[in-house]
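In what follows, a single structure is set out as structure tokens and then discussed.
Every number here is computed from the coordinates shown, using simple stated rules; none is lab data. Everything quoted here is computed from the prediction, not taken from an experiment. Note that we place each Cβ from the backbone using ideal geometry, even for glycine, and neighbour counts take in every protein chain shown.
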Amino acid sequence: MINRSLEDFASEMRFVGSTPGRSYTKFEGSVYLDENFVNGQLLTLNAECFKDIPMRYNAFTDNIEVRLPNGNVSELIDPAQIFQILLNKNVLVYTHYLSTDEKRKGFLFLLYDGGSKLYRRNYKTYKEGTPSNGIIPEIPSKIVDKPNEYYIKIHSDVSRLCNSRKDLLDIMNNHSSEIDDFLKREKIKVNREEDLIKVLTYFDSL
């Protein structure tokens, strides 16, 4: 692992470009999970470790913003170069995942890393407002939170969305009968992180 500084990171144009110049002030709500910049670590696929990087996660653009030494804020221009980000006790991984409609690639929060893996997707979307009609007041446009999504990766398979008991059994089909019994016995709820971690821990023990 090669340890490098914020100054090194800022000088590498393969990571960051110019200031994004995005403005969200006309919308209600925040695009960030946390608007504050927090010093974290950024690990690249080339085994470079950039430490003490002021970062925050933009859940609307699904990208990491970095505050550079000159005060400018820039997004990563090629997140695919990133292996892992350690930010405010969270681990973010840039990876492929299979959503309900298509295969995507983006940042997921790593929750469990055993033989299998559990990820959480945190994201926000834009909700169009409506003008006043003279009776009903104007409803401003908003940035709104979407419900957390959970993805499971079994061995070398792509991470797959799990939002139901059926999804979970399909993903763990090589041990579906054992998992089904475990879900009933432990009264597992598939929308609870701690329950999903419990299931994956059991699955990895089989």
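Given M55, P69, H155, which one lies farthest toward the positive end of the charge dipole of the chain, if we put +1 on the Cβ of every Lys and Arg and -1 on the Cβ of every Asp and Glu?
The residue sitting farthest along the positive end of the dipole is H155.
Measure up K103/K166; K26/K51; K51/K153 against 22 Å on the Cα-Cα distance and list the ones that go over.
Check vs 22 Å cut-off fails for K26/K51; K51/K153.
Between A80 and H175, what FRET efficiency comes out of the Förster formula 1/(1 + (r/R0)^6) with R0 = 25 Å and r the beta carbon distance, rounded to 0.05?
0.15
What nm distance separates the two modelled labels at E128 and S141, each placed 7 Å from Cα along Cα→Cβ?
Distance between label points: 1.0 nm.
Note down the nm distance, to one decimal, between modelled labels 7 Å out along Cα→Cβ at K184 and at S205.
2.0
Give me the net charge of Q81's neighbourhood, meaning all other residues with Cβ under 10 Å from the Cβ of Q81; Lys, Arg count +1, Asp, Glu -1.
Surrounding charge for Q81 is -2.
Grab the Cα-Cα distance for Q41 and T61, subtract it from 0.36 nm times how many residues apart they are, and report the gain in nm with one decimal.
Between Q41 and T61, full extension yields an extra 5.2 nm.
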